[in-house]
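The block underneath contains the structure these notes are about, expressed in structure tokens.
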Amino acid sequence: MSEQPDPALQKLLGDLAAQDKKRKGRWPDGPVSKRLKERTQLPVDAPAPHTQALIEVQGIEPTREALAAWDARVNGTPIIDVAHQMGCSIELAKQLIAEVHAAIHEDLRANLDLNRNLDLNRIDQLIASYLPAAEPSPEPTRAAHIDSVQAWIVNVLPGINRLVDDLPKE
């Protein structure tokens with residue numbers, strides 16, 4: 001039996017996605033912007049335990065406002081304007097933004113660590129399967145080289161002998 005994602009969290013993430021669509025964003029349209037849009041996006045129900053814990057402690061509406069304030073700060077809105085929009089003091093706005101930032105940071109860090117470990121395991125598997133083929137033993141290589149040198153000498157020796165025989169005798 002799988003757990004259903006919290007509808008309040010889904011609504012919050014949906015609202016944030018709608019805000020992103022309304023605003024132009026920090027990146028100009030161009031190759032970088034197109035590549036960012038092509039990247040795999042997190043699903044709406046992506047695990048975010050620290051953000052979910054923040055919602056459980058503060059409630060959905062204060063967390064929604066704090067996320068919107070954090071998003072505004074990330075996009076360059078001055079803290080005084082954010083505090084004015086939220087209807088609170090600058091100190092409280094800073095505190096709420098810091099709490100949201102810490103929760104988002106921890107959620108992203110956990111996901112990055114997981115992805116890094118998965119990638120390192122994949123690389124270890126590739127190395128384990130291809131390394132033996134890439135490391136031929138040195139003995140056959142040396143013996144093959146000696147055999148090829150000996151074959152070359154045997155092929156060239158008659159010509160060398162003729163040259164030596166044709167040299168003028170002094």
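Considering only the stretch 62-84, I want to know if a residue exists there that is surrounded by 13 or more Cβ atoms within 10 Å (Cβ to Cβ), β-branched (Val, Ile, Thr) and under 17 Å from residue 107 (Cβ atoms). So far as the stretch 62-84 goes, yes, one or more of its residues are surrounded by 13 or more Cβ atoms within 10 Å (Cβ to Cβ), β-branched (Val, Ile, Thr) and under 17 Å from residue 107 (Cβ atoms).
Being out of contact with any Gly (no Cβ under 9 Å at 6 or more places or on another chain) and under 18 Å from residue 14 (Cβ atoms) is the requirement here; does residue 91 meet it? No.
Go through the stretch 72-100 residue by residue and tally those that are polar (S, T, N, Q) and assigned to a helix (DSSP H, G or I).
Of the residues in the stretch 72-100, the ones polar (S, T, N, Q) are 75, 77, 85, 89, 95.
From what is left, the residues that are assigned to a helix (DSSP H, G or I) are 85, 95.
Total satisfying the criteria: 2.
No value in this document is a laboratory result; all are computed from the given coordinates. Every value quoted in this text rests on a predicted model; they were computed, and no experiment measured them. Positions of Cβ are backbone-derived with ideal geometry, glycine not excepted, and every protein chain shown enters the neighbour counts.
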